[in-house]
Amino acid sequence: THIAQNRFHTIVHNAIPYMAAQLVAENEYDLIGENDLYVFALCDACLMTLQPGLIFYRALQYMKKEKFQPANEREVYDYVMQRFKAETISLMSQFSWKSGYTTVQYLGYMTTSIFNNEKQWINHVLKKAHDLRVSNPYFLIDIIKQPQINSPQLVQVMDELGTPLMMNLIGEAWFNPPKQIAHLPIQADRFSAILEIFYLFEYGQTECELKEYCKNCPEGDVTDERCDNSPWERAKDDQLCGYGAFYKTWGLSDYIPSKT
């Protein structure tokens, strides 16, 4: 994202993690590392693989060993797609499998009808993103090479995919659904709520970091003191927040996390 953002606005980021890819590329193969667009193309191509970080590093090693000198960014994509195919299975076929598997995994979190709109949303976004990548593997590099940020190419992608829920540190949030399903009342905070529950079980986090967002949600402030110390109790409410909805859906309503 650092490379893409700085194509249109000068933004100062910490070297780690924002410029990690460039630093690794410069160290492993300076011909790639000294060209921001080559680094971007390599990152983007590797994201189609099952192990992006490892493939990024290995690709640089192979490129240096073979003295690979691309004439343009598309040749960087082509190198990765050719070099890392699995025997007779193309990288694009691997990507398609991964895309389908990811869709099944996401939809598997939402097992009740309360999430029907969100299921339509995620299914739509992942299918459109898959189709976009398959039809034009280079579409992201094509976008950031445009002379202005609001290019027709970007507008088209935004219309098809929309945006995720974007939130700042004070709880202000923005969300744009895909144009084709803009009529659906999508609750975009649901996937952020999954992450909050993960933090509970993985790190023992007992407060919900969506509190500031929920103070400003369209339905009005739905927060109370439980959001700070026992958000799982929201699963017993009549009006379910995202945290409560998943906690109840997963059959955890009667489960009180242990502090030990």
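The values are calculated or read from the model by the stated rules, or taken from the named source; none is laboratory data. All values derive from a computational prediction rather than experimental measurement. Neighbour counts run over all protein chains shown; Cβ positions are idealised from the backbone, glycine included. Heavy atoms of the whole protein, side chains included, go into the accessibility calculation; ligands, DNA and RNA do not. Shrake-Rupley method; radii C 1.70, N 1.55, O 1.52, S 1.80 Å.
DSSP loop GluC sites (Glu not before Pro) in the range 4-82 with at most 16 other Cβ atoms within 10 Å of their Cβ, which ones?
On the way: sites: Glu26, Glu28, Glu34, Glu66, Glu73, Glu75; in loops: Glu34.
For GluC sites (Glu not before Pro) across the range 4-82 that sit outside H, G, I, E and B with at most 16 neighbouring Cβ atoms in 10 Å, the list reads Glu34.
Computed log10 I(q)/I(0) for the range 143-197 at 0.13, 0.22, 0.26, 0.30 Å⁻¹: -0.44, -0.92, -1.03, -1.13, from the Debye equation with unit scatterers placed on every C-alpha and solvent omitted.
Nearest 0.05, what FRET efficiency do Ala71 and Thr1 give at R0 = 25 Å with Cβ-Cβ as r? List each step's numbers first, then the result.
Details: r = 26 Å, r/R0 = 1.03.
Computed FRET efficiency for Ala71 and Thr1 comes out at 0.45.
Working from label points 7 Å from Cα in the Cα-to-Cβ sense, the Gln156 to Asn116 distance is 3.4 nm. For the set Lys128/Lys236; Lys179/Lys248; Lys64/Lys128; Lys211/Lys236, the pairs lying more than 29 angstrom apart at their alpha carbons are Lys128/Lys236; Lys179/Lys248; Lys64/Lys128.
Which loop-located trypsin sites (Lys or Arg not before Pro) does the range 140-214 contain, where loop means any DSSP state but H, G, I, E or B and the Cβ has at most 16 other Cβ atoms within 10 Å? Can you show the working numbers first?
On the way: sites: Lys145, Lys179, Arg190, Lys211; in loops: Lys145.
Sites meeting the loop and neighbour criteria: Lys145.
Spin-label pair Thr163-Asp224: with each label point 7 Å from Cα along the Cα-Cβ axis, the two points sit 3.3 nm from one another. Sequence-ordered 3J(HN,Hα) estimates for the range 199-213 from the Karplus curve with 6.51, -1.76 and 1.60 and θ = phi - 60° stand at 5, 4, 7, 7, 10, x, 5, 9, 10, 9, 7, 8, 4, 5, 5 Hz, glycine and proline given as x.
Size estimate for the range 46-112 follows the Kirkwood approach: the inverse of mean 1/r over distinct Cα pairs works out to 13.4 Å.
Computed over the range 92-219, the convex hull of the alpha-carbon atoms projects to a mean area of 9.9 nm².
Using only alpha carbon positions, build the gyration tensor of the range 174-260, then give the equivalent ellipsoid semi-axes as the square roots of 5 times its eigenvalues, largest first, whole angstrom. Each step should come with its number before you reach the end.
Values: eigenvalues 117, 37, 31 Å².
Sorted largest first and rounded, they come to 24, 14, 12 Å.
Which part of the range 65-107 falls in the paramagnetic zone of Leu184, meaning amide N under 19 Å from the point 7 Å along Cα-to-beta-carbon? Once the point is set 7 Å along Cα→Cβ of Leu184, 99-107 turn out to lie under 19 Å by backbone N, inside the range 65-107. Ordered from highest to lowest accessible area with the whole protein assembly present and a 1.4 Å probe, Leu240, Leu31 read as Leu31, Leu240.
Once you have the Cα-Cα distance between Leu107 and Leu132, take 0.36 nm times their residue separation minus that, and quote the gain in nm to one decimal. Could the numbers behind the result be given before it?
Values: separation 25, 0.36 × 25 = 9.00 nm, distance 2.06 nm.
This chain segment gains 6.9 nm when fully extended.
Could you work out how much longer the chain between Trp250 and Asn216 gets when fully extended? Use 0.36 nm per residue separation minus the Cα distance between them, nm to one decimal.
Details: separation 34, 0.36 × 34 = 12.24 nm, distance 2.64 nm.
Stretched fully, the Trp250-Asn216 segment lengthens by 9.6 nm.
For the chain, the pair-distance distribution built from all alpha carbon pairs, in bins 10 Å wide starting at 0, is 6, 23, 29, 25, 14, 3, 0 percent. Would you mind classifying the range 70-163 by shape? Square roots of the alpha carbon gyration tensor eigenvalues, ordered a ≥ b ≥ c; an a/c under 1.5 is rounded, otherwise it is prolate if a/b is larger than b/c and oblate if not. Cα axes put the range 70-163 in the oblate bin. Non-local amide H neighbours of Cys217 (under 5 Å, H modeled in plane, Pro and chain starts lacking H): which ones? Excluding prolines and chain starts, which carry no amide H, the hits are Val222. Adding -39500 (n - 2.57) for every DSSP H run of four residues or longer, then dividing by how many residues the chain holds, sets the calculated 222 nm ellipticity at -16000 deg cm²/dmol.
In the elastic network of the chain, a GNM with C-alpha springs shorter than 10 Å, the most mobile of Gln153, Gln239, Gln94 is Gln239. Solvent exposure of His183, expressed as accessible area, is near 140 Å², computed with a probe of 1.4 Å over the protein chains only.
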